[in-house]
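Contents: one structure, followed by commentary.
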Amino acid sequence: MLTSTQELIDSTYEKSLEFSKTNPYPSHSQRVSTLKELKKLILKNDDLLKEALLKDLGKTDYEAYVSEIMFIIKEIDISLKYLKKWMKPRRVKTPLLFLPASSKRAPIPLGLVLIIGPWNYPFNLLAAPLIGSIAAGNTTIIKSSELAPHMSKVVAKIVHELNSPFVQVIEGGVSETTQLLKKKFDHIFFTGSTRVGQIIMEAASKHLTPCTLELGGKSPTIVWGEQDLEIVASRIIWGKLINCGQTCIAPDYIIVQDSLKAKLIEKLKKKITDFYSSTPLESPDYGKIINERNFTRLTAFLNKDEIIFGGETNKEKLKISPTLLESKLDSPIMQSEIFGPILPIITIKELHEIDKIIAHNPDPLTVYLFTRQESLVDYIQQNIKSGSLCVNDTIIQITNSHLPFGGIGNSGTGSYHGTHSFDNFSHFKSVIKRKQMLDLTLRYPPYKNKLKPTLKLLKWFGH
Ligand code: NAD
């Protein structure tokens, strides 16, 4: 009988470690059957997942399905379709000198993987990396977020029903994660804040454990040049306000050309009202802030001098209405990631001002650019560091499983989704295979008089 969380963590870890060691290379059919069973259980628990998302984050059925469940089902389907191909070794060239021989990069599982999830997409951001880890043949322990407690329970239920030695779950917060981090894993996949990312990497360094870090940042949204501001405003407001702004790749702030500013603000206001009515705090389609700590942090940004729209709050329901601010680079809201439904707008006259504004904060996860100028697209793509670039839309880059999703610098290390998840959770073993024939004796001692002919031979055969 287990008596404490520590004992539960110890026994889960030992069991998983033992299993990963005795099953270093699960077969294609083992991986497929785990993924198929997982898909079945997700569909079976569909209603519980939606209910948990409503309770934890106020997400509507539509948003819960589109931004969490549907994406996960698609990731499983892609893995099932392509797994055989992904598992095949990838051939590379072999220098003529070694022929007859062959060379390849053979994907092998990493072993025991720890996945730590955040609260904002508490199902998607645990399940998506888990699918990659299962597909790549690893044994995985997942740690859900304590700040989305209803979802944490449903995830635990699904994992228990899955009843697979390939997947275990630990529920809990800082203390449980700290205990887990003392143990040696073969890989840690963390999604969360940059601050905690540093804690994870420091703990991992004790065991030299490689990490994938999916972190946050301040993603700018640039609006420059004549264009259809109706569409621009729709796409910005949609991307900003899904999940009430609590999306790692939400447009954090707008940089707008001064000649477009008045019209853009008018359109942004209109879109907020079109989407969420003139009383957004009552709208069933508008979510809530996760907890009081974040509510208090966000309301501190509601400086009356800067508010140009919105600014209403309801502490009891943890709601903040969609809010537009006219801000400056030194405004408090421009000093860190917002992660809520407040959208500061900064006006510029010259294009070159963009560089300084973005460089004011560490490298962002994403840059959004609304423009018709191809030369500006090229400039931003080549000169502004960010995990991704999305031109003339928001958020959609994360939904394309063919694109790797990840940050750069402070916004993260490594990437995943689709085939990139499989690669992220695999080690590509370099394998070179020769035949026991044509043994050139020039490489063996004694070396007297062998250097010149060896160099000649190498020149002849090339690389
Ligand atoms: P967080 O860093 O506070 O928590 C993430 C996880 O770390 C949770 O499971 C939590 O239990 C654990 N944790 C928290 N403090 C810890 C500590 N001191 N030691 C060990 N573990 C600890 O992040 P969050 O508040 O859940 O999520 C919000 C942040 O995550 C935002 O910055 C957002 O941008 C980022 N995020 C990034 C992505 C991405 O894909 N890049 C996705 C979602 C969220």
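Figure legend: label point modelled 7 angstrom from the Cα of N303 along Cα→Cβ; residues of segment 330-368 with amide N under 14 Å from it are 330-336, 343-347. For the pair R91 and L457, the difference between a 0.36 nm per residue extended length and the Cα-Cα distance amounts to 129.2 nm.
Taking 0.36 nm per residue of separation and subtracting the current Cα-Cα distance, fully stretching the chain between S33 and W238 would add 70.1 nm. Please state the shape class of segment 205-344: rounded when a/c is under 1.5, otherwise prolate if a/b exceeds b/c and oblate if not, all from the C-alpha gyration tensor. Verdict is oblate for segment 205-344.
Under 10 °C and 1.306 mPa s, how fast does segment 167-223 diffuse according to Stokes-Einstein, given a Kirkwood radius computed over C-alpha pairs? Answer in µm²/s, whole number. After rounding, the answer is 126 µm²/s. Carbon-plus-sulfur accessible fraction, segment 220-406 (probe radius 1.4 Å, protein heavy atoms only): 50%.
From helices alone, the chain scores -12500 deg cm²/dmol at 222 nm; the rule is -39500 (n - 2.57) for each run of n ≥ 4 DSSP H residues, then divide by the residue total. Extension gain for E51 to H160 (0.36 nm times residue separation, less C-alpha to C-alpha distance): 37.3 nm.
Between D77 and L440, the modelled label-to-label distance comes to 5.2 nm, taking each label 7 Å out from Cα in the direction of the beta carbon. Spherically averaged projected area of the convex hull of Cα atoms, the chain: 28.0 nm². The trypsin sites (Lys or Arg not before Pro) of segment 322-409 that DSSP puts in a loop, and whose beta carbon has at most 15 other beta carbons within 10 Å, are K328, K349, R372, K385. With both residues required to sit in the chain, DSSP beta bridges show an antiparallel share near 35%.
Modelled spin-label separation between T296 and D61, with each label point placed 7 Å from Cα along the Cα-to-Cβ direction: 3.7 nm.
Using a simple spin-label model with pseudo-atoms 7 Å out from Cα toward Cβ, K317 and L208 lie 5.6 nm apart. Carbon-plus-sulfur accessible fraction, segment 45-93 (probe radius 1.4 Å, protein heavy atoms only): 59%.
Ordering S426, C248, S331 by Cα displacement along the dipole of the chain toward the positive end leaves S426 in first place; charges were set at the Cβ atoms of Lys, Arg (+1) and Asp, Glu (-1).
Across the chain, Cα pairs under 8 Å and at least six residues apart give a relative contact order of 18 percent. Just report the Cα centroid separation between segment 322-351 and segment 386-463, whole Å. One Cα centre to the other: 41 Å.
In this structure segment 220-406 gives 44 Å² per residue of accessible area when probed at 1.4 Å with all protein chains present. Under a model in which nothing but the beta-carbon of Lys, Arg (+1) and Asp, Glu (-1) is charged, segment 220-406 shows a dipole of about 440 debye around its Cα centre.
Rounded to the nearest 20, the size of the Cβ-charge dipole of the chain about its Cα centre is 3120 debye, with Lys and Arg at +1 and Asp and Glu at -1.
The values are calculated or read from the model by the stated rules, or taken from the named source; none is laboratory data. As the structure is a computational prediction, the values presented were derived from the model and not from experiment. Ideal geometry is used to build each Cβ from the backbone, glycine not excepted, and the neighbour counts take in all protein chains shown. Just the protein is used for accessible areas: all its heavy atoms, side chains included, with ligands, DNA and RNA removed. Shrake-Rupley method; radii C 1.70, N 1.55, O 1.52, S 1.80 Å.
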